[in-house]
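Here is the structure we will look at, set down as structure tokens.
The values are calculated or read from the model by the stated rules, or taken from the named source; none is laboratory data. Values in this document were obtained by computation on a predicted structure and should not be read as measured data. Quick reminder, even Gly has a Cβ in these numbers, built from the backbone with ideal geometry, and neighbours come from all protein chains shown. Side chains are part of the model used for accessible areas, which takes the heavy atoms of the whole protein and leaves out ligands, DNA and RNA. Shrake-Rupley method; radii C 1.70, N 1.55, O 1.52, S 1.80 Å.
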Amino acid sequence: MFGVEGTTALRRATAVAVIVALACPPPAHAETPGKDGDLNIAGAVTVNAYGQVSGSAGVGSPSVTTTTTLAGLGVGDVVMIYQAQGATIDSSDTAAYGNVTAYNSAGRYEFQTVASVSGSTIAFATYAGNCSGLRFAYSGASGAQVVRVPQYRDLTVNAGASVNATAWNGTTGGIVAFTVSRTLTLNGTVSANAAGFRGGAIDNGASVYGYAGYRTTNLIEGGEKGESIAGYQASLPLGAMYGRGAPANGGGGGNQHNAGGGGGANGNNGNVWAGQGVPSLTTAAWANAWNIDGTLTSTTSDAGGGRGGYTYGASNQNALTVAPGNTAWGGDNRRQVGGLGGRPLAFNRANTVFFGGGGGAGDGNNSAVGAGGRGGGFVFVQTAPGSTVTGSGTVSANGTAGGNTTGGHNDAPGGGGAGGTILAQLTNAASINFVANGAAGGNQLITGTENEGPGGGGGGGVIAVTSGFGARTANGGANGITNSSALTEFTPNGATQGATGQPTATGPIRSEVPLCYAPPPTTSKSVATYETVGINRLNIPEADVIYTITVTNPGTQIDSGTLVVIDPLPPEITFFNGDIDGAGPQTGPFEFVDGGTTSALTCCTAPHIAYSAQTTGSDFTYVPAAGYDPLVKRVRLTPTGAMAPGSTTATSFQIKLRAKIN
């Protein structure tokens, strides 16, 4: 039986940390760093797999089921759970239409580690005191999806190459996400351009005049609204998918007769929102036209998307002096009922991010209308502490332009899509550029005196980067223009620019992102008397002791061949190279004792033992002499097998050796 008493000197000595070395750095959160190895990209690739959540999953749920299996998903993988929609909005047919009354789970995201996969059911790893299932509630009917997030060791994206998101299709897509544990070399592009919310689709209604409402189920009365966190098409409240009201961050559709679509939105620059956008003053005289608009002035600077242009005018008047709505214009009197710009949203870097809103479609009755542009998607890039980031590439989540008119061009164009969201947790990104711009509104390409309103520009997105960075831009998109010969003095014809977004949002630190943190392996050392009788019952010079190293794994599995225990022996002891327990069952200098919760490892026989005579431990080729050898400064032990995950109860093992107190 071994005693437990230790000298003060040895107690100090055993406080020296054991080095537990892994082929990859120990996990800082619920992941297996470098699990997907190295990747060198020379073309255009998509690295994520997506699956729609089946039904719903509540807070604390230990698993989630998808409608299809995710390609390549396995134990130790990281998944992102993200919900695109589900917000509640004001549905009244008033100017308040589209105000967000509750975000619910729209924009929520988190990460989980895969503990097991059974068909399309994914169970999450749990860790005592850390992880206990889903942090938020999700619904597949509201656009919740599971995304496999690759974990690279080294990732190279060469010049001209790209990592791209699959475009959002209403159930999955819109996201590009990955982590890098060692080196990210980015000279190409990581892109979620045009991957976000969809623009309003084209329609073709009868020729009517005078509608001024905000939402309607009648396509004759207006163009289709852009997609947003509140839904799309028939999933919008009351199925009212047409008209100028902006549903949350989606652009409104242009009202009849032939008003332009509004731009989508995302980032919030802090200005008020009224859906009017930012009037262009590219030509100074345009201020005169804006100041007789009746709804805005030349100094208006609303947050969010740009407004769509005026309805059908049939004559050539001076737009700098003849106000919209004046009967002199003829047709529908060139009324101010273009699609309103989408609303900016409440970004939270730790748990709530959004796709860029889709632009609203223009109103049409001659099969010449332009559709709304798509918003940008969501990019998440993370590099591990101590990793390297190099290159001068680009990370982008831009919207796409609203559609121009076609055919005879005697209808209205669509609004531009908004910029998406970029979250980048990088050790350094001094030469990398980040772009989440809103896109331009569509143009009316007609050349006669007939005139319709162009599309509004999309609002800028959100860029949140943690450390050194290059250029960051989240600009609003330009308004579209008309080529009508009746509006040469005022080509915007009522359409406005999108506002800037949030290009300099503070990036999330690792502890803020809703990751499921798995504690890394821990080590401790202790010393006990060798015997209960004689000199070895005391911790005094020349007495033998049992020196114990304990390794505990409360986190994820440590793969076979990656766990190495290196111990710098305290200077107060001398290693004994012989039978650790004399006449006992052991036959070598070490004893391996598995923990109460088994580690699934074996140790410690040749060739899994090495010694160093150097205090730095840079060379483990020393062959110790038999008996007490004071030249042994460090020991290196490589257990065989994969160390079992800690899950709810930590796994552990001990390695014991015999030494003499100096």
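Points worth noting:
- All C-alpha pair distances within the range 227-268, sorted into 5 Å bins from zero, spread as 7, 25, 31, 22, 12, 3, 0 percent across the bins.
- Residue 204-residue 59 FRET efficiency (beta carbon distance; Förster radius 45 Å; 0.05 resolution): 0.50
- Dipole of the chain, positive end: most advanced residue of 585, 65, 416 [Cβ charges, Cα centre]: 585
- Stretched out straight at 0.36 nm per residue, the stretch from residue 272 to residue 581 would grow longer than its current Cα-Cα span by 103.4 nm.
- Value of relative contact order over the range 181-337, rounded to a whole percent, pairs C-alpha under 8 Å and six or more apart: 17 percent
- Spatial separation of Cα centroids for the range 274-347 and the range 462-505, in angstrom: 16 Å
- Rounded to the nearest 20 debye, the dipole magnitude of the chain is 480 debye, with +1 charges on Lys and Arg beta carbons, -1 on Asp and Glu beta carbons, and the Cα centre as origin.
- Residue 94 contributes an accessible area of around 60 Å² to the protein surface, as traced by a 1.4 Å probe with all chains present.
- Extended-chain gain in nm, criterion 0.36 nm per residue less alpha-carbon gap, residue 392 and residue 299: 29.7 nm
- With contacts taken as Cα pairs under 8 Å and at least 6 residues apart, the chain reaches a relative contact order of 14 percent.
- The longest stretch of the chain left intact once loop-based GluC sites (Glu not before Pro) with at most 12 other Cβ atoms within 10 Å are removed from consideration, loops following DSSP, is 6-541.
- For Cα extents along the principal axes in Å, computed directly from the structure shown, the correct entry in (1) 76, 69, 49; (2) 95, 73, 46; (3) 115, 43, 40 is (3).
- Straight-distance candidates among the aspartates and glutamates for linking to residue 660, with alpha-carbon spacing under 18 Å and chain neighbours fewer than 8 residues away dropped: 5, 531, 542, 544, 567, 572, 579, 581, 591, 629.
- Approximate spin-label separation residue 351-residue 315, in nm, with each point projected 7 Å along Cα-to-Cβ: 6.0 nm
- Computed extension gain for residue 121 through residue 44, at 0.36 nm per residue and net of the alpha carbon distance, reaches 24.7 nm.
- Rolling a 1.4 Å probe over the protein heavy atoms of the chain, with every protein chain left in place, gives an accessible area that is 53 percent carbon and sulfur.
- The residues of the range 298-404 expose on average 25 square angstrom of accessible surface per residue, using a 1.4 Å probe on protein heavy atoms.
- Residue 623-residue 366 pseudo-label distance in nm [points 7 Å out on the Cα-to-Cβ vector]: 9.5 nm
- Cα lying deepest toward the dipole's positive end in the chain, options 426, 530, 291, charges on Cβ: 530
- Order by protection proxy (mean Cβ within 10 Å, highest first), peptides 332-340, 399-407, 205-213: 332-340, 399-407, 205-213
- Computed over the range 374-478: relative contact order in percent, which uses C-alpha pairs under 8 Å that are six or more apart: 31 percent
- Between residue 68 and residue 238, the FRET efficiency estimated from the beta carbon spacing at R0 = 25 angstrom works out to 0.20.
- Taking 25 °C and 0.890 mPa s as conditions, the range 152-282 diffuses translationally at an estimated 143 µm²/s according to Stokes-Einstein applied to its Kirkwood radius (Cα pairs).
- Placing a pseudo-label 7 Å from each Cα along the Cα-to-Cβ vector at residue 218 and residue 488 gives an inter-label distance of 3.9 nm.
- Theoretical FRET efficiency, 1/(1+(r/R0)^6), r = Cβ-Cβ of residue 94 and residue 292, R0 22 Å, to 0.05: 0.30
- Helical content of the chain, expressed as a calculated mean residue ellipticity at 222 nm, amounts to -500 deg cm²/dmol (DSSP H runs of 4 or more residues, -39,500 (n - 2.57) each, divided by residue number, nearest 500).
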